[in-house]
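Beneath this line is the structure, given in structure tokens, with notes to follow.
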Amino acid sequence: NCDLILMTTRGGSKVQRWVMGGVTEQVLRMSPIPVLPVRSQTALPKQGHVRRVIVPVDGSKLAEAVVPWARDLSRFLKARLVFLHVYPMGPAGLSGRNEDNYESLSKRMVRLVESLREVGVKAVFKLQRGDAADRILKFADRDDLIVTTTHGFGGFKRWVFGSVAEKLIHEAPIPVLVYKTPAQAKVKALVEAS
């Protein structure tokens, strides 16, 4: 009946970066609730507190399902909430379809940011270009916390190797909170059915 699992992990060298540790990896794969793995060598924020909560958004409902969690976390930490969208750049820039998708996402994010500001949450929407995981990692700094979603394809037991969320978890020098929407929905459905 808890809301969040917080655990430390050894992390490791570049060679070991994809092996976070048996227990942590299993909890990340199987937990139906959000998990916050923190590497034992993670440096404390410079100012002693989290300055920004970064939420990567890709335009999907899954990515935006974490908004209530991120909002409450930002309030609790007295941190700015940053919605970050990274779109891939081809040789000719944005294609027409990508530009339409970005316009739709941008309008939704502007409305969301305004509604959050109305209730006292400092929120902004930012844009980066390039590889999603790489740009998110470069955007984040020591005073930040990343809150990301993962699909959890295949139920609770299968991790999605190669995903942006996984790369963030394994390579970010700061904590990354992992929120699995399908698992949350399944647990809620089970609770309501009982």
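Could you count how many residues in region 51-69 are over 14 Å from Ile136 (Cβ atoms) and modelled with pLDDT of 90 or more?
Here the count works out to 3.
Filter region 14-31 down to the residues that are modelled with pLDDT under 70 and under 19 Å from Thr148 (Cβ atoms) and list them by number.
Arg17, Trp18, Met20, listed by residue number.
Kindly indicate the residue of region 51-62 that is in contact (Cβ under 8 Å) with a residue 24 or more places away in the chain and part of a loop (DSSP other than H, G, I, E, B) and also surrounded by the most Cβ atoms within 10 Å (Cβ to Cβ) among those meeting that condition.
Among those that are in contact (Cβ under 8 Å) with a residue 24 or more places away in the chain and part of a loop (DSSP other than H, G, I, E, B), it is Val57.
Return the residue satisfying two criteria in turn: it lies in region 32-50 and is in a loop (DSSP other than H, G, I, E, B) and modelled with pLDDT of 85 or more, and of such residues it is least open to solvent (accessible area, probe 1.4 Å).
If we take residues in region 32-50 being in a loop (DSSP other than H, G, I, E, B) and modelled with pLDDT of 85 or more, then Pro34 is least open to solvent (accessible area, probe 1.4 Å).
When you go through (1) closer than 19 Å to Lys180 by Cβ; (2) at pLDDT 85 or above one by one for Leu112, which number turns out not to apply?
(1)
In region 178-189, which residues are at pLDDT 85 or above and within 16 Å of Glu25 (Cβ to Cβ)?
Within region 178-189, Val178 is the sole residue that qualifies.
Table: residues versus (1) closer than 22 Å to Pro37 by Cα; (2) at pLDDT 75 or above; (3) in a loop (DSSP other than H, G, I, E, B).
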| residue | (1), (2), (3) |
| --- | --- |
| His85 | no, yes, no |
| Arg108 | no, yes, no |
| Arg117 | no, yes, no |
| Val124 | no, yes, no |
| Leu127 | no, yes, no |
| Asp134 | yes, yes, no |
| Gly154 | yes, no, yes |
| Gly162 | yes, no, yes |
| Lys167 | yes, yes, no |
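Name, by its number, the condition in (1) open to solvent by 60 Å² or more (accessible area, probe 1.4 Å); (2) modelled with pLDDT under 90 that does not hold for Leu94.
(1)
List the residue pairs whose Cβ atoms are under 8 Å apart, where the first residue sits in region 63-86 and is free of Cβ contacts under 8 Å to residues at least 60 places away in the same chain and closer than 16 Å to Val176 by Cβ, the second is polar (S, T, N, Q) and outside any helix (DSSP H, G or I), and the two are 6 or more positions apart or on different chains.
Leu84/Gln128; Val86/Gln128
The values are calculated or read from the model by the stated rules, or taken from the named source; none is laboratory data. Nothing here was measured: the structure is a model prediction, and the numbers come from that model. Please note: Cβ atoms are built from the backbone with ideal geometry, for glycine as well, and neighbour counts cover all protein chains shown. Calculation scope for accessible area: heavy atoms of the full protein, side chains included, ligands and nucleic acids excluded. Shrake-Rupley method; radii C 1.70, N 1.55, O 1.52, S 1.80 Å.
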